[in-house]
Each structure stands twice: as C-alpha cells, then as structure tokens.
Amino acid sequence: MSVFSEPTGMDFALSPVQEAFKSELGDVVEDRIVGENADWSDENFPDDVYDLLADLGMTGLELPEELDGQGVGALTAGVAYEQLGRGDVGLATLVLAENISAKILANGDDRHREVAAEVARGDAHIAFALTEPDHGSDAAAVETVARKEGDEWVFSGEKTAITGATLADYCLLFARRDGTDDIGAYLLPMDQPGVETQPYPAMGCEVSGWGQIYLDDARAPEWAAVSERDGFRAAMETFDTSRAWIGLYCIGAAQQTLDETIDYLKEREAFGKPLAGYEGPQFQIAELQTKLDSVRLKAYEALWKADEGIDRTKDAAMVKWYAPELAVETIRECLVLHGHYGYSTDFGIEKRLRDTIGLQIGDGTPQVQKLVVAREIFGREYLPY
C-alpha cells in the first residue's frame, strides 16, 4: 500500500459527546443568558443561572466523577467555555476561576477534595488568589506571607484583581512561607477573622466578583496547606490550559456578536436595499469570520495538545494575546455596523466590548504573552530579562 493512501490522522470534527455538550449548553446560554444579563452584578448575582450551570457540570469540568465532576478533557472544556462566552464573559471568567481552583484542590487531602466537590456541585464559591498589587505580570514575586504558629497558619498580605473575591466562601491562597523562597497553596475560608474583601470597580465583567482580599493575621488550621512548596508551580501549570480557555470564551462573545450582526445587516435597509447587499459590510464580515475561525483552531490545537500531554506553552500564549484582541476588534466593528443601536445598551454589544477588553489583561498581558512566544522560539538565553 502506498504511504499516500494511509489516513492522515487529522480530524477537525468534534466528537458526538462534544457536540451534545455544545448543543445543550448553547441552548441554556441562548435561553437564560443572552439578552438577560444586562443588569447582572455581584449584588444582583444570577444564582438560578449559576445553579443551572453547576447542574450541567460547568463548575467541575475536569474533576473526576467521585468529586461530582464531569471528568472531561481540556478540549471538551474549551467547547463549553466558548459557548458560555457567547452568553456572558464575566460569568465565564468566574466559572474558569472556580474550575482551576477546584482542580488544584483535587490533588490535596480529603478536606481539600471535599471542598472541590462542593465547588463542583455549585454549593460553594472559591477564588483563585494569586495576583498582588505590585506584582501582576511578575506573579512569582509573591509578598503575602504564611507563617506557622502552633497548629495554625497565619497569613498577612494583600491580593488584588481577584475573580470571585466578593462572592467566595473560600480562596485558594498563594503565599510565601515565612523565611523561605517556597510559595505554597493554602485553602482559606473567607469568614475567618483577619480576612476582608472589597469590590474592585471595573468597566466590565460586573458579575465576576472581582475584588481585593486583605489579610491581617488571618488564621487557618494546619490542614489548610494544599502544598507548602509547589503551589506556584501548580498555578503556572494551569495557565497553559486556562489561557486557551480564556481565548475561546472571548471568541464566543465575538462570534455571538458577529452572528447577531449578520442577521441585523440582512434586515436593516439603507438607500433602498439591505445593508448585507453592500460590499463594504460584506468584506468586513468575511475578514472577521476568517480571523475568528483561525484563532479558534489554534485554541483547539493547544487544548488537544493538553489532552495528549504535549507541550503547548507557545500555542496557549499565542491564543491568549491574540484572541481577546481579535474579540475586541470584532465586537467594536460590529457595534459600528449597528449604528447608534450598537452603542446603546439595548443590544448588549457595548457590554461585550467592555467585558472582552479586560481579558486582554487577565492571565497575562499581551506583552508578556509575546515574550513567552518569543522565548519558545528563540530560547531562554535570549530573554530580555
């Protein structure tokens, strides 16, 4: 048999399970989120929708079934995040933070695993508390301190721009053990004395619980330590997957807006004919759809590599800097194509624009992502720092 008659191994189709997951979640997003989220906020949180998402398994995507999770792979989770992004980017960001926190907890002891199961069932919220006021891109420069006093851990420091902070029952806290270079991960109940949260006002993602966490000798039991030494490594390992997921839910928001715009251009008339009949809008839509399809495939490639155990650092960084930028470009152009309707709050386009702008920063700025890509291309010896 000729080698050219052999199967190529390339398969661009989603599996039946992935298609079913996409369809079921897509129906919920269309019925319960799109057009319903204009006034959602931390104070007006859509508990009924969040509970429904938990029932669908969105809050325990990668957790095993014994922890009430779905046990799906990274690519299937990406399909789900893209659908959720079509509805509300802030809600997708919250769900992502809960998922990556629960996954790290699942590697801890029975108490940690119990909390992970609570999160998966939607019975508890958890915040991923890594970023600090003076150390956003330089995440390793953690100043929050964990010191041991008897059979307790005592924490002092401040975390900033933390998704879910104002909603959380727990936080997965990353802190440097006093007197060492070791950064550990700790499970801290948010109702402990010495823990204070404060909203962090922003121009979008109003439903994500974004906020500050202040720790003034906050105490937790000895078992709070999920990892005393390798917490930072665990956090960094999540980024090679979560960056692709973020890209996908930004693409979801952009695709939803583009689809709505296509329908609008068919219906809206100017000078006696539908706007869809003019070359200018046609070319804009063609270009935007081409770009969206391209970056979606790159995101899927990164997540396929995650499932196969293949390094995807460069791929995930490419998606993370480009997908939110493309989403902002797409939504902005669609807003203009809608005229003054797009600028109003009636269509939800301006909200998606505000939401996606923030994701150009979260989980790594475009400048940092380009440094990661360049490092993978040239080698670490050529890093500028």
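Residues of the stretch 148-167 that are of a type in the set (S, T, Y) and either crowded, with 18+ Cβ neighbours inside 10 Å or at pLDDT below 95 (or both): T160, T163, T166. Is it true that some residue in the stretch 76-89 is part of a loop (DSSP other than H, G, I, E, B), surrounded by fewer than 21 Cβ atoms within 10 Å (Cβ to Cβ) and either basic (K, R) or not assigned by TED's automatic domain parsing to the domain that holds D346 (or both)? So far as the stretch 76-89 goes, no, none of its residues is part of a loop (DSSP other than H, G, I, E, B), surrounded by fewer than 21 Cβ atoms within 10 Å (Cβ to Cβ) and either basic (K, R) or not assigned by TED's automatic domain parsing to the domain that holds D346 (or both).
Do we find a residue being over 30 Å from R354 (Cβ atoms) and within 15 Å of the chain's Cα centre (by Cα) anywhere in the stretch 211-226? For the stretch 211-226, residues over 30 Å from R354 (Cβ atoms) and within 15 Å of the chain's Cα centre (by Cα): absent. Residue pairs whose Cβ atoms lie under 9 Å apart, sitting 6 or more positions apart in sequence or on different chains, and linking a residue in the stretch 199-211 that is in the same structural domain as C250 (by TED's automatic domain parsing) to a partner that is modelled with pLDDT of 90 or more and hydrophobic (A, V, I, L, M, F, W, C), do not occur here. The residue that is nearest to C205 (Cα to Cα), among those in the stretch 338-385 that are among the hydrophobic types (A, V, I, L, M, F, W, C) and more than 26 Å from the chain's Cα centre (by Cα), is L383. The C-beta contact set for the stretch 345-370 (first residue of a type in the set (D, E, K, R), second residue part of a loop (DSSP other than H, G, I, E, B), distance under 6 angstrom, 6+ apart or interchain) comprises R354/M203; R354/G204; D355/G204; D355/C205.
The residues in the stretch 183-212 that are touching a strand residue (DSSP E or B) at 6+ places or on another chain (Cβ under 9 Å), crowded, with 20+ Cβ neighbours inside 10 Å and not in a strand (DSSP E or B) can be counted, and the count is 3. Just so you know, in the stretch 264-314 the residues that are loosely packed, with under 11 Cβ neighbours inside 10 Å and of a type in the set (D, E, K, R) include one that is nearest to G73 (Cα to Cα), and it is E267. With respect to (1) over 17 Å from the mean Cα position of the chain (by Cα); (2) surrounded by 18 or more Cβ atoms within 10 Å (Cβ to Cβ); (3) over 26 Å from D178 (Cα atoms), the lone exception for G108 is condition (3). Among residues that are closer than 29 Å to D182 by Cβ and aliphatic (A, V, I, L, M), A254 is not included.
Condition check: in contact (Cβ under 8 Å) with a residue 60 or more places away in the chain and out of contact with any Leu (no Cβ under 9 Å at 6 or more places or on another chain). Does T166 satisfy that? So T166 passes the test. For the stretch 202-222, residues that are in contact with a Phe, Trp or Tyr (Cβ under 6 Å, 6 or more places away or on another chain) and not small (G, A, S) total 4. Scanning the stretch 334-347 for residues that are crowded, with 20+ Cβ neighbours inside 10 Å and part of a helix (DSSP H, G or I) turns up C334, L335, L337, G342.
Looking only at residues in the stretch 111-134 that are among the small types (G, A, S) and touching a Phe, Trp or Tyr at 6+ places or on another chain (Cβ under 8 Å), the one that is surrounded by the fewest Cβ atoms within 10 Å (Cβ to Cβ) is A124. Pull up the stretch 348-372, narrow it to residues that are hydrophobic (A, V, I, L, M, F, W, C) and buried (at least 19 other Cβ atoms within 10 Å of the Cβ), then point me to the one that is nearest to L258 (Cα to Cα). By that ranking, first place goes to I349. hydroxyl-bearing (S, T, Y) and more than 17 Å from S227 (Cβ to Cβ), is that true of T163? Judged against the criteria, T163 is a match. If you go through the stretch 171-182 one residue at a time, do you hit one that is in a loop (DSSP other than H, G, I, E, B) and closer than 25 Å to E98 by Cβ? No, the stretch 171-182 has no match at all. Only one entry of K298, K314 meets the criterion of being within 30 Å of I183 (Cβ to Cβ), modelled with pLDDT of 95 or more and of a type in the set (K, R), and that entry is K314.
The values are calculated or read from the model by the stated rules, or taken from the named source; none is laboratory data. If you're wondering where the values come from, they're calculated on a predicted model, not measured in any experiment. Note that each Cβ is placed from the backbone with ideal geometry, even for glycine, and that neighbours are counted across all protein chains shown.
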